[in-house]
Amino acid sequence: MRGQRRRGPPKRAPKNVFSRGATKEPKKPQPVPVSKPAEPRFATPPPQAPKIAPKPVIKEKKMTPKKEKIIQEVVEVVVEEVVEEVVEEVVIENEKTATQEQDIEETVAKKIVTDQILGNKPKKSRGLKQIKKTVVVKEATPQSDRAAALIEQSRKRAMVPVPNKVIPEKKVAKPAFKRRRAPKSSYQPANRAKRLNRSRHMEYKYEMRKLLQDINVAEEHRSSLLGTIWAKGERQTTSDAKSWLHDKFDEGAINDEQKSRLEKVIDDYTIRR
């Protein structure tokens, strides 16, 4: 019939999970263990063939064209340097041989010239006779009787021996023993006067720095005022420090009000010592 389709085999019904024996799987046959024959207790193991390690395969590294170019340039530079050194050595050896040959030629020429000019043969005389010099000896004048007598007297005096004079020995006076005096110490205690208190140095520094800032002293004069006032007032006297402040006032470094404030600080730290 035209309108009907051809049907295939009937479909299998779905498995019923809840039926008996549905979840059980058939047991697989287990292999039976085969017992090995018992080995002797102290049996030696069978010899085994030595294991040979396989040779490592060395892979050849291929050179890149950039590396080949660099190597060629290096080789060319090295070859040029070696050639230059060889050429320099050859030139130096040629110069040495040339100088040696030149020295030999000069010595030979000198010998020839000396032989030609001076010569080893005796020179021929010119036929002139040598004039002998005659020495004219003046006859001594006869001495007078008076001169002869004086000479004889002086000779006799010289023959007479002179007695040795005994020189008295001078007594050398021994130096008197001097007692050693104890070395004097160079320390001289200063006279008691009005000076700045040495133990309050740190307080003075902090107070003086704050005061110089408060009274608007120029920065270029602050360090000199801080140090010099203390040095003069502590080592010399407070009057010396005040006189130095007066000089600074005359120079124009500080004004009258600043001077009076600084003098007040000096008076606060003054003691008699």
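The values are calculated or read from the model by the stated rules, or taken from the named source; none is laboratory data. Model, not experiment: these values are computed from the prediction. Backbone-built Cβ (ideal geometry, glycine too); neighbour counts: all protein chains shown.
Structure notes:
- Selection over the stretch 262-273 of residues that are in a helix (DSSP H, G or I) and surrounded by 15 or more Cβ atoms within 10 Å (Cβ to Cβ) gives a count of 4.
- Residues of the stretch 208-238 that turn out to be surrounded by 14 or more Cβ atoms within 10 Å (Cβ to Cβ) and of a type outside the set (A, V, I, L, M, F, W, C), as a count: 9
- Taking the criterion of being at pLDDT 75 or above and surrounded by 10 or more Cβ atoms within 10 Å (Cβ to Cβ), the residues of the stretch 173-207 that qualify are A193, K194, R195, L196, N197, R198, R200, H201, E203, Y204, K205, E207.
- Close pairs from the stretch 202-230: first more than 12 Å from Y269 (Cβ to Cβ), partner aliphatic (A, V, I, L, M), Cβ under 6 Å, at least 6 apart: H221/A253; R222/L212; L226/M208
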